[in-house]
Amino acid sequence: MSRIPPSLLYLTIYNPTLKPAFLEPDNEDAEEQAHILFYTAREHAVSRDRILRQVGLAKALVNFSEMFNAGIPCENVHSQGRRMVMISPEPNFWIHACYEVAKTPRPHHNSKGKGTPKAKSKDKEKETDQTSRPTTIYDYLDGSIHDIALRTHFQRGYAEFKLLHGSFDSILSNVGQQALELQLERFFTVWAWKWDIEDDDFGTHLGIPLHPSHAKLTPLLDKFASSLPDELMTFALSPPHIIPSRTPRYPAALIRHVLARIPPPVTPVPKAKQTIPSSTVTAPPLAAQMGKQTTSADVKSPPPQTESGFAFPLPPMPAMPNMTFGLDVKSMKWGWPGYLTFGKGGGTPAGPSGLSSLTAAPPNLEAVIEGQNDLPKAASTDHSPRPESHRKNTLDVDTASLLEAISTESIGSYSRTPSPAPSVLSKSSQLGELSTETSVSTGGNVSPVDDADPLEIQVNGIPQIVFAQPAPELPPLQITARPVRSFLWSRVHLDSPDDPSITERCRVLHLTHHEFTVAIVAKEDHSLDLPHLVDEVVEVIETMQASLTEESQEGESSLPSAVKILQPKDRQIVSKDEFTYSPSPGFVSRSEHLYNGQELLRSGLDVYEVFSRGQNPQHWHIGKRGLGATADGEVYMEVGRKETTLTDVDNELAGVVYHMDLWELYQTLG
């Protein structure tokens with residue numbers, strides 16, 4: 001059957017010393033209801049009487065336990081399917097929660113057999129009576145919820161609320177009970193239901209992990225902190241690790257707050273490849289087309305293409321012959337194609353020569369402008385001499401004016417219109433009679449030509465479109481500007497050094513560069529030189545990054561043997577002052593033996609070591625309080641070798657404690 005995970009049933013925060021603003025004599029529950037500051041439950045609609053009974057039960061358990069042991073109230077209550085926890089983070093303020101342990105439904109078997117009709121009728125009556133009763137029976141898993149994990153979780157929740165808003169007592173005394181209830185509603189409603197008990201492991205439960213190379217990085221951070229005023233606090237983060245200073249003066253809730261506010265790394269966006277569409281026409285170079293002086297019968301060009309990319313032969317458009325000032329309109333030949341002669345003579349018969357005449361190569365453009373070469377003439381069909389008006393007549397034109405008109409035509413426009421046909425310039429502005437050649441230079445005023453700038457010319461009196469070859473693209477300039485960096489900041493409440501129940505408002509500035517984040521805590525009225533501070537933070541991060549790079553290059557480890565690869569590795573983790581350190585990276589364990597061992601070590605009894613072994617799998621779990629003569633803390637181990645005896649496990653534990661003792665001594669001497 002499916003397993004139902006543990007879940008929260010209800011959570012409430014109350015203060016039994018609060019009094020209602022208006023006491024009604026007829027309302028007996030008004031005073032009890034005034035004690036409740038916050039309540040949330042898994043059920044959406046809970047009656048007021050049920051809420052009062054749940055809170056009243058918690059009060060009674062606390063008062064009853066204090067009768068037998070003064071000053072030590074009840075903290076946990078166990079039942080078959082529930083766990084109740086009571087925490088007092090501040091005097092007279094209580095956080096009470098009830099959780100349901102994990103459970104699995106037990107399969108229900110209905111007995112079927114033959115019987116008399118009277119017995120069947122009686123059974124039907126019994127079945128109708130039992131329909132209102134729950135028929136599902138559950139098996140509860142006692143080890144799915146640990147008391148110490150619940151207490152630690154709610155203590156961290158209170159510390160997070162205090163960091164953002166202040167203590168319960170300060171809010172109540174400054175802004176009143178209604179404001180306190182509103183802030184509790186906004187924070188704990190979201191916080192209570194976003195936690196999944198089974199997502200946390202034992203390492204996360206112990207504290208924040210230290211960076212594997214914090215022994216080398218901490219002196220670099222302390223050197224930077226020594227240049228700051230004494231009232232400023234500094235620490236560095238490399239998610240999910242922390243690089244603390246030698247004397248940390250900040251709570252663990254502040255570190256988790258900054259870790260949650262670090263922006264995620266920017267995901268690199270791959271550049272899209274420039275693909276050439278299927279309809280793009282790649283023409284031969286313009287210089288190669290212009291340089292060929294061939295006749296219409298020597299060159300055959302492919303048929304023109306449409307915008308959709310389909311190629312088919314197009315009929316030639318009727319073109320006007322070259323015109324001069326001495327042109328006789330009556331004797332002009334319009335060059336109509338054969339199928340547009342409407343049955344009259346004079347048209348050019350359709351044949352292979354017609355296609356070759358259409359596909360003649362264009363003449364040299366320089367020759368057209370300078371008048372050194374004429375356009376190729378189409379062969380006349382009637383072999384009659386051309387009239388005098390068709391002969392080339394030259395006209396003297398002011399060259400400077402013409403060049404000025406050409407250069408100023410396209411000023412200020414990037415996408416210009418197609419150039420006029422050379423046939424227009426060939427007769428009206430020929431410069432063939434000039435004795436000197438003029439070089440055309442447009443300077444910097446002419447806009448760049450598009451990749452597929454069409455050029456219209458005439459071949460045999462028929463306009464042709466020639467596409468110029470696109471100019472080669474220059475590589476983009478790699479201009480790297482200095483990135484603009486700035487601090488992200490937030491406002492927090494930290495405990496006063498004189499009275500922990502009083503909080504002071506402070507600012508937290510943090511800057512992320514590479515994989516490190518440096519945070520600076522200052523009082524709200526403290527002035528800082530932020531531009532200069534940004535440069536110093538970036539410099540210390542660069543130093544840390546260089547130190548890690550040097551360490552990675554030096555640490556060239558040899559290939560492990562097959563025995564080390566196949567043999568299960570021992571895992572250990574050290575906990576001290578809300579920080580954890582694990583020589584074996586990736587310590588993830590959810591074993592209930594480790595939680596039970598921690599609860600025994602912190603129970604106040606004279607317990608220093610706890611050894612336990614599971615049945616399936618047969619792993620050893622060890623917990624020890626104290627890391628030698630010079631350091632306090634706890635160490636937890638998990639040994640996964642079946643052949644290991646208790647003596648072997650004790651030797652492994654002694655070796656870990658010895659190395660940690662040397663490390664603490666090295667940290668102290670610095």
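The values are calculated or read from the model by the stated rules, or taken from the named source; none is laboratory data. Computed from a predicted structure; not experimentally measured. As a convention, Cβ positions derive from the backbone with ideal geometry for all residues, glycine included, and neighbour counts pool all protein chains shown.
Within the range 200-241, the only residue that satisfies the criterion of being without any contact (Cβ under 8 Å) to a residue 12 or more places away in the chain and within 26 Å of the chain's Cα centre (by Cα) is THR204.
With respect to the conditions (1) in contact with a strand residue (DSSP E or B) (Cβ under 6 Å, 6 or more places away or on another chain); (2) not assigned by TED's automatic domain parsing to the domain that holds ILE145, PHE38 falls short on a single one, namely (2). Beta carbons closer than 7 Å, at least 6 apart along the sequence or on distinct chains, pair a first residue in the range 510-535 that is in a strand (DSSP E or B) with a second that is small (Gly, Ala, Ser) for HIS510/ALA519; PHE516/ALA236; PHE516/SER238; THR517/ALA236; VAL518/ALA236.
Residues being under 22 Å from PHE93 (Cα atoms) and touching an Asp or Glu at 6+ places or on another chain (Cβ under 7 Å): count how many of those fall in the range 1-18. Show your work before the answer.
Applying the first criterion (under 22 Å from PHE93 (Cα atoms)) to the range 1-18 yields 8-18.
Narrowing further to those that are touching an Asp or Glu at 6+ places or on another chain (Cβ under 7 Å): 9.
Of the residues in that region, 1 qualify.
Given VAL77, VAL55, VAL85, which one is surrounded by 16 or more Cβ atoms within 10 Å (Cβ to Cβ) and in a helix (DSSP H, G or I)?
Numbers: VAL77 fails: in a helix (DSSP H, G or I); VAL85 fails: in a helix (DSSP H, G or I).
Sole residue among the options that is surrounded by 16 or more Cβ atoms within 10 Å (Cβ to Cβ) and in a helix (DSSP H, G or I): VAL55.
Can you find a residue in the range 491-505 that is modelled with pLDDT of 90 or more, of a type in the set (Gly, Ala, Ser) and either assigned by TED's automatic domain parsing to the domain that holds ILE242 or farther than 18 Å from ALA252 by Cβ (or both)? Checked against the condition, which is being modelled with pLDDT of 90 or more, of a type in the set (Gly, Ala, Ser) and either assigned by TED's automatic domain parsing to the domain that holds ILE242 or farther than 18 Å from ALA252 by Cβ (or both), the range 491-505 yields no hits at all. Only one of these is modelled with pLDDT of 90 or more and of a type in the set (Val, Ile, Thr): VAL656, VAL649, VAL635. Name it. On inspection, the qualifying residue turns out to be VAL635. Candidates in the range 1-52 are the residues that are in contact (Cβ under 8 Å) with a residue 24 or more places away in the chain, over 16 Å from TYR99 (Cβ atoms) and among the aromatic types (Phe, Trp, Tyr); of these, the one that is surrounded by the fewest Cβ atoms within 10 Å (Cβ to Cβ) is PHE38.
State whether the residues of the range 165-177 include one that is surrounded by fewer than 16 Cβ atoms within 10 Å (Cβ to Cβ), out of contact with any Ser or Thr (no Cβ under 6 Å at 6 or more places or on another chain), closer than 19 Å to PRO20 by Cβ and of a type outside the set (Val, Ile, Thr).
In the first step, residues of the range 165-177 are kept if they are surrounded by fewer than 16 Cβ atoms within 10 Å (Cβ to Cβ); the result is 173-176.
Imposing the further condition that a residue be out of contact with any Ser or Thr (no Cβ under 6 Å at 6 or more places or on another chain) reduces the set to 173-176.
Still in the running and closer than 19 Å to PRO20 by Cβ: 173, 175-176.
If we keep only those that are of a type outside the set (Val, Ile, Thr) too, we end up with 173, 176.
The answer is yes, given that some residue of the range 165-177 is surrounded by fewer than 16 Cβ atoms within 10 Å (Cβ to Cβ), out of contact with any Ser or Thr (no Cβ under 6 Å at 6 or more places or on another chain), closer than 19 Å to PRO20 by Cβ and of a type outside the set (Val, Ile, Thr).
Six or more apart or on different chains, Cβ under 9 Å: which pairs go from a residue in the range 242-266 that's assigned to a loop (DSSP other than H, G, I, E, B) to one that's among the aromatic types (Phe, Trp, Tyr)? Could you list them? So the pair list comes out as PRO244/PHE235; PRO244/TYR250; PRO244/PHE579; SER245/PHE235; PRO248/PHE235; PRO248/PHE579; TYR250/PHE235.
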